[in-house]
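The values are calculated or read from the model by the stated rules, or taken from the named source; none is laboratory data. Remember, predicted model here, so these are calculated numbers, not experimental data. In this analysis, Cβ positions are derived from the backbone assuming ideal geometry, glycine residues included, and neighbour counts consider all displayed protein chains. Surface areas here come from the heavy atoms of the whole protein model, side chains and all, with no ligands, DNA or RNA. Shrake-Rupley method; radii C 1.70, N 1.55, O 1.52, S 1.80 Å.
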Amino acid sequence: MAVAIEMKFRGATTEQYDEILRKMGLTPGGATPPGAISHWIAKTDDGLHIVDVWESREAYDQFAAEQIGPYSAEVGVTEPPETRYYDVHSYLTKG
């Protein structure tokens with residue numbers, strides 16, 4: 001079942017986010033990593049707000065453990081995000 005993940009990274013910057021993407025080999029506006037369906041990010045007054053949709057919670061958890069966590073730490077994002085998970089009823093893609 002698809003899952004949406006809402007993350008709030010307090011204190012994180014768009015420069016740190018851009019560096020994390022570079023380390024992952026991802027390009028803004030480009031394709032998502034395997035298992036991800038969609039991704040967006042917005043700057044907030046106190047950090048970054050990110051929302052993803054993944055094919056499964058397991059796929060997201062693996063990607064987070066292997067890439068998001070380690071690369072975030074490398075660029076100086078030391079606090080884990082406030083995270084919420086939602087079961088996705090339906091989604092649309094560019095198709």
What is the angle, in °, between the Cα long axis of helix 14-24 and the longest principal axis of the Cα atoms in the chain? Nearest 10 is fine, range 0 to 90. 60
So for the pair GLN62, TYR91, with labels modelled 7 Å out along Cα→Cβ, what separation do we get in nm? 1.6
Distance from a point 7 Å along Cα→Cβ of THR32 to each backbone N in region 2-24: keep the residues under 11 Å and list them by number. 2-5
P(r), alpha carbons of region 47-95 - 10 Å bins starting at zero, rounded %: 19, 50, 25, 6
Sequence of LYS23, LYS94 when ordered by accessible area, the most exposed leading, probe 1.4 angstrom: LYS94, LYS23
Quick P(r) readout (the chain; Cα-Cα; 10 Å bins; whole %) gives 16, 52, 30, 3
17 Å Cα-Cα reach of LYS8 towards lysines, excluding residues that sit fewer than 8 places from it in its own chain: LYS43
Hey, can you grab everything whose amide H is under 5 Å from the amide H of ILE37? Only 5+ residues off in sequence or another chain; H modelled, so Pro and N-termini drop out. VAL53, TRP54, GLU55
Hey, if you drop one equal point scatterer on each alpha-carbon of region 1-48 and run the Debye formula without solvent, what base-10 log of I(q)/I(0) do you get at q = 0.27 Å⁻¹? -1.17
